[in-house]
Amino acid sequence: MSEDEVTHAVRRWHETPGAVLLDGFHALKHALRFGADVPVAITSDKEAALRLARGLADDLTDRIGDLLVEVPPQVIGDLVPRVHPTQVAALGIRPGRRENLAKVSELPRAAPVVVLDNPRNLGNIGAVVRLAAGFGATGVVTTGGMDPWHANAVRAGAGLHFATAVERLPFDELPPGPVYALDPEGDDIRSVELPDDALLAFGSERHGISPGLKARATTLLRLPMRPQVSSYNLATSVAMALFHWGGTPPQG
């Protein structure tokens, strides 16, 4: 490493506006694969990071090698609140809000939008974003006070916020489309075919969906659950609903 490269990387880190932390190799890998603008990436062990790239993301090895700047361990420790075990950290420019809102609002849609009604846990938000990206959902919209682009949510999402449209909206500005809300009083989800333009709405594990969203719902749905089991984890509920929407792939 050269002192000039380290100084330049640290300066870019401090001077990059509108950036979110990509915490660890996998977050960097996913962000790059889905078109993120990554102005700076650092590591305290570049050779180890490149070994990971060759084993897990060979399509990105050259790009990661060009992007990563090796810095002393104390430098990366000063820049991030908790150093990831892969010793990799980067900054990604958050996608434009207007672009994301256009994606989730456009009709017809090829896949549902997941709505998290006033979620309370940033880790759960990130886990849901990761699921939505994996299933090819159009996006994830949250209501309430938590920022779905908070560093802890991006960490839990392994950088896959860049693979789908993620935004926070007031309750009365949700995207268009029929609302299928998960609620214990609803119809068995297995009896309903979910349309591609659906808003799949989920409340918190403790409180469920809000009265306002419940009143707006086109259809209330419940997940199959054994008696005396009180709830599923939020991400588990989203995974079950998205799997039901996607159906079972053909055999053979």
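The values are calculated or read from the model by the stated rules, or taken from the named source; none is laboratory data. Here the structure is a predicted model, which means the values were calculated and not measured. Don't worry about glycine lacking a Cβ; one is built from the backbone with ideal geometry, like all the others, and counts go over all protein chains shown. Ligands, DNA and RNA are stripped out before the accessible areas are found, and what is left, the full protein with its side chains, is counted by its heavy atoms. Shrake-Rupley method; radii C 1.70, N 1.55, O 1.52, S 1.80 Å.
Numerical summary
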{"item": "When residues of region 18-43 are limited to those that are crowded, with 22+ Cβ neighbours inside 10 Å and β-branched (Val, Ile, Thr), the one farthest from HIS161 (Cα to Cα)", "result": "THR43"}
{"item": "The lone exception for LEU91 - which of (1) outside any strand (DSSP E or B); (2) open to solvent by less than 40 Å² (accessible area, probe 1.4 Å) it fails", "result": "(1)"}
{"item": "Selection count, region 1-28, where residues are touching a helix residue (DSSP H, G or I) at 6+ places or on another chain (Cβ under 9 Å) and under 17 Å from ASN152 (Cα atoms)", "result": "10"}
{"item": "Any hit, region 64-74, residues being assigned to a strand (DSSP E or B) and either of a type in the set (Gly, Ala, Ser) or open to solvent by less than 20 Å² (accessible area, probe 1.4 Å) (or both)", "result": "yes"}
{"item": "Of the criteria (1) open to solvent by 10 Å² or more (accessible area, probe 1.4 Å); (2) touching a helix residue (DSSP H, G or I) at 6+ places or on another chain (Cβ under 7 Å); (3) assigned to a helix (DSSP H, G or I); (4) more than 30 Å from GLY203 (Cβ to Cβ), which one ALA53 fails", "result": "(1)"}
{"item": "Residue ranges of strands (runs of 3 or more DSSP E) in region 168-252 with at least 3 members open to solvent by 50 Å² or more (accessible area, probe 1.4 Å)", "result": "179-188"}
{"item": "Selection count where residues are farther than 20 Å from PRO148 by Cβ, of a type outside the set (D, E, K, R) and without any contact (Cβ under 8 Å) to a residue 24 or more places away in the chain, scope region 9-35", "result": "1"}
{"item": "Candidate set from region 94-129 (those that are among the charged types (D, E, K, R) and surrounded by fewer than 21 Cβ atoms within 10 Å (Cβ to Cβ)); member that is modelled with the lowest pLDDT", "result": "ARG120"}
{"item": "Residue pairs meeting the criteria (Cβ under 7 Å; at least 6 apart or on separate chains; first more than 15 Å from ALA133 (Cβ to Cβ) and of a type outside the set (Phe, Trp, Tyr), in region 233-246; second open to solvent by 50 Å² or more (accessible area, probe 1.4 Å) and outside any helix (DSSP H, G or I))", "result": "ASN233/GLU205; LEU234/GLU205"}
{"item": "Criterion (free of Cβ contacts under 8 Å to residues at least 40 places away in the same chain and within 18 Å of GLY92 (Cα to Cα)) met by exactly one of ASP59, ASP66, ASP78", "result": "ASP66"}
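Here's the yes/no breakdown for (1) out of contact with any Asp or Glu (no Cβ under 8 Å at 6 or more places or on another chain); (2) part of a loop (DSSP other than H, G, I, E, B); (3) among the acidic types (Asp, Glu):
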| residue | (1), (2), (3) |
| --- | --- |
| ALA27 | yes, no, no |
| ALA36 | yes, yes, no |
| ALA49 | yes, no, no |
| LEU60 | yes, no, no |
| ILE76 | yes, no, no |
| PRO81 | yes, yes, no |
| HIS84 | no, yes, no |
| VAL104 | no, no, no |
| ARG109 | no, yes, no |
